[in-house]
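Colleague: Before I ask anything, here is the structure I am working with.
The values are calculated or read from the model by the stated rules, or taken from the named source; none is laboratory data. Only a predicted model underlies this, so the values are computations on that prediction, with no experimental measurement involved. So basically every Cβ, Gly included, is an ideal-geometry build from the backbone, and we count neighbours across all protein chains shown.
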């Protein structure tokens, strides 16, 4: 019996060692793949500067590859503008939904809403884009009496709807992780329910809420199909919510299939992809910084 137990123990240690090696190999492989993508996109994109000056690419909005003009400012501004507007519309709604589900909704309703919110994520982005194209764009055109309906407003509303599940799920978890004694102490001191939520729960859960918003921003800035269907895809700076414009992902999708590999045009698209990748990586670093500071 003792020999059999010793043998089983050795087998378990051997099994744990192999699993550990498997995890290390998987992490190493993922690191190599990510670095390979960054190096390939970066190497190809930076070749743009052999024919186009950095000042022209980043500071001009004239995009006309047929004339040799590669100003990507309108796409960068379009990506940032759509993302910020989506957060402006979606973050308050998502936070309100998280507060409702975490602290107000009865148990039976919460059990229904949480799976529904998770299912919300599974809807393909092209479906959002089609709904925006057939319903939202005509509504904006008629309600605001504008000629087109495509533009920043339509794209930002669609994105705001798409990022709601991310904000709701993570913010609800953050609110639920706040120690119960904090809430009970606030109520015991005479604060109302809403004062407790506003002055105690939300500040305590703020790091998690900010994380949800930044994750939502990371998804919004890289969204392609839904934005491409409703933003108008015009390489110009948008000076109003109703002007059609373009974003980095939408322009890459529209033009990448028609450009010769290795040309200045193709390299410029790779450089746009690199800029988009760097923006996403910056958001991930911000998330990690916030997570490190999360103290309740």
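Colleague: When region 262-290 is examined, which residues are found to be modelled with pLDDT of 85 or more and either outside the structural domain of residue 247 (by TED's automatic domain parsing) or within 17 Å of residue 37 (Cβ to Cβ) (or both)?
Modeller: 266, 267, 269, 270, 271, 272, 273, 274, 275, 276, 277, 278
Colleague: Could you check how many residues of region 196-206 are surrounded by fewer than 20 Cβ atoms within 10 Å (Cβ to Cβ) and touching a helix residue (DSSP H, G or I) at 6+ places or on another chain (Cβ under 9 Å)?
Modeller: So the first thing to find is which residues in region 196-206 are surrounded by fewer than 20 Cβ atoms within 10 Å (Cβ to Cβ), and the list is 196-200, 202-204, 206.
The next check asks that each one be touching a helix residue (DSSP H, G or I) at 6+ places or on another chain (Cβ under 9 Å); those that pass are 196-197, 199-200, 202, 204, 206.
Qualifying residue count, region 196-206: 7.
Colleague: Continuing with this model, one more query. Condition test on residue 53, is it within 28 Å of residue 166 (Cα to Cα), at pLDDT 90 or above and surrounded by 10 or more Cβ atoms within 10 Å (Cβ to Cβ)? Before the answer, list the steps.
Modeller: Working: within 28 Å of residue 166 (Cα to Cα): no; at pLDDT 90 or above: yes; surrounded by 10 or more Cβ atoms within 10 Å (Cβ to Cβ): yes.
For residue 53, the condition - within 28 Å of residue 166 (Cα to Cα), at pLDDT 90 or above and surrounded by 10 or more Cβ atoms within 10 Å (Cβ to Cβ) - is not met.
Colleague: Right, residue 250: assigned by TED's automatic domain parsing to the domain that holds residue 126, touching a helix residue (DSSP H, G or I) at 6+ places or on another chain (Cβ under 8 Å) and surrounded by 16 or more Cβ atoms within 10 Å (Cβ to Cβ) or not?
Modeller: yes
Colleague: Residue 167 versus (1) at pLDDT below 90; (2) crowded, with 21+ Cβ neighbours inside 10 Å: which is the lone unmet condition?
Modeller: Of everything listed in (1) at pLDDT below 90; (2) crowded, with 21+ Cβ neighbours inside 10 Å, residue 167 misses just condition (1).
Colleague: Can you tell me which residue among 193, 176 is surrounded by 15 or more Cβ atoms within 10 Å (Cβ to Cβ) and either under 27 Å from the mean Cα position of the chain (by Cα) or in the same structural domain as residue 77 (by TED's automatic domain parsing) (or both)?
Modeller: Going through 193, 176 in turn, the sole match is 176.
Colleague: So residue 28 clears everything in (1) at pLDDT below 90; (2) farther than 30 Å from residue 195 by Cα; (3) part of a helix (DSSP H, G or I) except one condition, right? Which one?
Modeller: Exception for residue 28: condition (1).
Colleague: Please verify whether region 224-234 includes one or more residues that are in contact with a strand residue (DSSP E or B) (Cβ under 9 Å, 6 or more places away or on another chain) and surrounded by fewer than 22 Cβ atoms within 10 Å (Cβ to Cβ). Explain how you work it out, then say what you get.
Modeller: First pass over region 224-234, keeping only residues in contact with a strand residue (DSSP E or B) (Cβ under 9 Å, 6 or more places away or on another chain): 231-234.
In the following step, the residues that additionally are surrounded by fewer than 22 Cβ atoms within 10 Å (Cβ to Cβ) were identified as 233-234.
Yes: one or more hits.
Colleague: If I filter region 255-263 for residues that are crowded, with 23+ Cβ neighbours inside 10 Å, out of contact with any helix residue (DSSP H, G or I) (no Cβ under 7 Å at 6 or more places or on another chain) and at positive phi, do I get at least one hit?
Modeller: No: region 255-263 contains no residue that is crowded, with 23+ Cβ neighbours inside 10 Å, out of contact with any helix residue (DSSP H, G or I) (no Cβ under 7 Å at 6 or more places or on another chain) and at positive phi.
Colleague: With (1) farther than 30 Å from residue 196 by Cβ; (2) part of a helix (DSSP H, G or I) as the list, and residue 96 as the residue in question, which single condition is left unmet?
Modeller: Among (1) farther than 30 Å from residue 196 by Cβ; (2) part of a helix (DSSP H, G or I), residue 96 violates only (1).
Colleague: Here's a follow-up. Please specify each residue of region 99-137 satisfying the condition of being at pLDDT 85 or above, under 21 Å from the mean Cα position of the chain (by Cα) and not in a helix (DSSP H, G or I).
Modeller: 123, 124
Colleague: Now for a separate question. Determine, yes or no, whether residue 41 is touching a strand residue (DSSP E or B) at 6+ places or on another chain (Cβ under 6 Å) and closer than 30 Å to residue 245 by Cβ.
Modeller: When the stated conditions are applied, residue 41 does not pass them.
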